[in-house]
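These notes concern the structure reproduced below.
None of the figures in this text is laboratory data; all of them are computed from the coordinates on show. Because the structure is a prediction, the values reported are computed rather than measured. Here the Cβ is made from the backbone with ideal geometry for all residues, glycine too, and neighbour counts use every protein chain on show.
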Ligand SMILES: CC(C)(COP(=O)(O)OP(=O)(O)OC[C@H]1O[C@@H](n2cnc3c(N)ncnc32)[C@H](O)[C@@H]1OP(=O)(O)O)[C@@H](O)C(=O)NCCC(=O)NCCS
């Protein structure tokens with residue numbers, strides 16, 4: 001497979017771009033400003049998160065992209081590109097069976113404005129159009145209603161529950177698994193086009 005382009009990706013309101021080393025301060029500030037909410041659901045978001053954590057994340061992110069293992073983007077507003085809004089990632093769970101997964105977080109003072117839904121719609125275009133995935137999943141901790149709403153708004157189907165899937169704050173949390181198949185993505189094409197606003201890179205079939 002050809003390398004995924006590192007060019008920034010755009011939607012109505014946001015730019016998604018690969019991480020650079022100098023993003024560590026901005027990402028640390030965003031995580032620290034959202035600590036309570038991130039800590040509730042994400043295993044890496046411990047309460048003493050500091051710049052060293054962001055530096056390690058960015059180093060791994062750059063390496064993973066180079067090795068074609070995972071693709072992480074920093075979310076930035078088009079009208080305020082220096083402020084870190086959150087992260088969105090796509091990675092392969094199985095290359096042979098073309099299954100991928102999406103993960104995201106949004107800084108707390110920007111939530112409930114449709115950020116995650118808009119950038120995840122853009123990430124779905126990349127997953128299905130560019131990475132040629134057949135199936136994309138989301139794993140969501142049981143009880144995380146905000147993330148479940150994102151999955152629902154994007155047309156994912158709730159497929160079942162993975163018991164004690166991920167340990168967060170020392171406790172094993174059950175996660176629901178949500179799936180979207182390529183033909184469902186094509187059927188919902190107008191939904192994603194509407195959410196994203198741009199069709200850059202997306203070809204209707
Ligand atoms: C989950 C998360 C990414 C959502 O980001 P966001 O930009 O606010 O998402 P959107 O605005 O696109 O959609 C959120 C939806 O959840 C709803 N919502 C938010 N909090 C809610 C709650 N406590 N109960 C029920 N619904 C809730 C919003 O009203 C919105 O739905 P609506 O459009 O029908 O009104 C963000 O809250 C976050 O980063 N949380 C912490 C980390 C995390 O959970 N990451 C995902 C792991 S799977």
Worksheet item: For 44, 105, what's the fewest-to-most ordering of other Cβ within 10 Å of each Cβ?
Response: 44, 105
Fill in: Net length gained if the chain between residue 167 and residue 62 were fully extended (0.36 nm per residue, minus Cα distance)
35.3 nm
Worksheet, complete the sentence: Contact order relative to length for the chain, counting C-alpha pairs under 8 Å separated by 6 or more residues, stands in percent at 20
Worksheet item: Based on the Cβ-Cβ distance of residue 109 and residue 55, what FRET efficiency does E = 1/(1 + (r/R0)^6) give at R0 = 25 Å, to the nearest 0.05?
Response: 0.60
Fill in: Near-label residues of region 71-89 by backbone N, under 12 Å of a point 7 Å along Cα→Cβ of residue 29
81-85
Fill in: Using a Förster distance of 25 Å, the FRET efficiency for residue 36-residue 99 (Cβ separation, nearest 0.05)
0.15
Worksheet item: In whole Å, what is the distance between the alpha-carbon centres of region 148-176 and region 17-95?
Response: 20
Discussion item. Under 10 Å, Cα contacts only: if you run a Gaussian network model on the chain, which one of 183, 46, 175 comes out with the highest mean-square fluctuation?
Written reply: 183
Worksheet item: Based on DSSP, what percent of beta bridges with both residues in region 9-196 are antiparallel, to the nearest 5?
Response: 90
Fill in: For the chain, calculated [θ]222 nm from helices alone, where every DSSP H run of n ≥ 4 adds -39500 (n - 2.57)
-9500 deg cm²/dmol
Response to the item:
The extension gain from residue 189 to residue 132, computed as 0.36 nm times the residue separation minus the Cα-Cα distance, is 19.0 nm
